[in-house]
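All of the numbers you see were taken from the coordinates with simple rules; none came from a lab. What you see is a predicted model; the values in this text were computed from it and never measured. Here the Cβ is made from the backbone with ideal geometry for all residues, glycine too, and neighbour counts use every protein chain on show.
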Amino acid sequence: MEVKACNKCGRLYNYIVGDNFCPSCKAEKEKLLKNLDGYFKETDDVKIDFDYLNDEFDVSRNNLVKFARKEELSVDSSFELISCMKCGKSISSGRFCDRCKKETLDSLNSTYRELSLKKAFVEPVPKMRFIGK
Ligand SMILES: [Zn+2]
Ligand SMILES: [Zn+2]
């Protein structure tokens, strides 16, 4: 077990895993995320009222962006809080839209395939040449 000082309140606590927050700050954050989630699901507004969120939940736009990027909070893409880091399309959470995520995965997969193909073909070749001499 590791003793750490909480990132938020500075209290010492037994760190387990995840964010560096003590149990009470962690519970507070979870409550906040739940409240925010409820707000975004129930609101009829088409734009995020940052002043209201600041007054009501004490969160800034930056906080919201951070939560959404870390996929701790999902804000409907119609609010345009964050956008895909590749194509700029509005997304609800994370860093990339579904299409770019898939593209990245596909290109990773094909790179991997190419590499393993190359490996399979390159290795036996020198031996064969050697034998042919
Ligand atoms: Zn704390
Ligand atoms: Zn994208």
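Multiply the residue gap between Cys9 and Val65 by 0.36 nm, knock off their C-alpha separation, and tell me the result in nm, one decimal place.
Working: separation 56, 0.36 × 56 = 20.16 nm, distance 2.18 nm.
Contour length minus the Cα-Cα distance gives 18.0 nm.
Pairs with C-alpha atoms separated by more than 32 Å, drawn from the list Lys4/Lys89; Lys4/Lys86; Lys66/Lys118; Lys34/Lys89, are Lys4/Lys89; Lys4/Lys86; Lys66/Lys118.
Roughly speaking, what is the centre-to-centre gap between segment 2-53 and segment 89-118 when only Cα atoms are used, to the nearest Å? Using only Cα atoms, the two centres lie 30 Å from each other.
Compared with the dominant principal axis of the Cα atoms in the chain, helix 23-42 is inclined by about 90°. Excluding same-chain neighbours fewer than eight residues apart, the aspartates and glutamates reachable from Lys29 by a Cα-Cα span under 13 Å are Asp19, Asp37, Asp58, Glu72.
Label positions at Leu115 and Ser90, each projected 7 Å from the Cα along the C-beta direction, are separated by 3.8 nm.
Indicate the gyration tensor shape class of segment 1-110 (rounded, prolate or oblate), computed on the Cα atoms with a ≥ b ≥ c the square roots of the eigenvalues: a/c under 1.5 is rounded; otherwise a/b larger than b/c is prolate and the rest oblate.
Values: a/c = 2.89, a/b = 1.26, b/c = 2.29.
In terms of gyration-tensor shape, oblate.
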